[in-house]
Amino acid sequence: MQVILLHSRVTKIVSNKFDFDIEGALLQDTEGNTLLAKLLARMQKDLPNYRFSYTLPVLTDGLQVNGGKEIMEEYIQAFKDAGCTYDQIPVTNIMAMDYGEGLYDVNKSNFDYAKESAISTKNQVMNALKTSYGYKDEENKVEFYDSDV
């Protein structure tokens, strides 16, 4: 019931681009994240002019296990299950941060760490997309190879 109400309300909003910031305790809200992923996937299928993204915190090795990595995979799977194409998968934004004094190498800056975070996350997202959409899809002609990762 709540999903239908939210769906009907969102269709009356002027903007067609939405970003969901998922951090802190929300990273562990498996039920809530699954529900949101399925809702957005259904909305994407019903309202193809809408664009969704989500923002997750990252470290230098990318999205973390027990949180961001699973959420990203949940979104990809929910959109695939809803019949969305590769182009309709939501954008994964990253939240690079001040990593704290304990991590800093004398020769690295916050920019260096943010760049490492971005590259690591890109590789994780591409691997997840390859796993979900990586088979030869005759209908949509989507193929991924190791060189794409």
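Computed from the coordinates by the stated procedures, all read-outs in this text should not be read as laboratory data. Bear in mind the structure is a predicted one, so any value in this text is a computation, not a measurement. Positions of Cβ are generated from backbone atoms using ideal geometry, with glycine treated the same way; all protein chains shown enter the neighbour counts.
Label sites at T131 and K108, each approximated as a point 7 angstrom past Cα along Cα to Cβ, lie 2.4 nm apart. Using the Cβ-Cβ distance between L35 and D81 with R0 = 22 Å, the FRET efficiency computed as 1/(1 + (r/R0)^6) comes to roughly 0.95.
Ordered by the number of other Cβ atoms lying within 10 Å of each residue's own Cβ, fewest first, F18, F111 fall into the sequence F111, F18.
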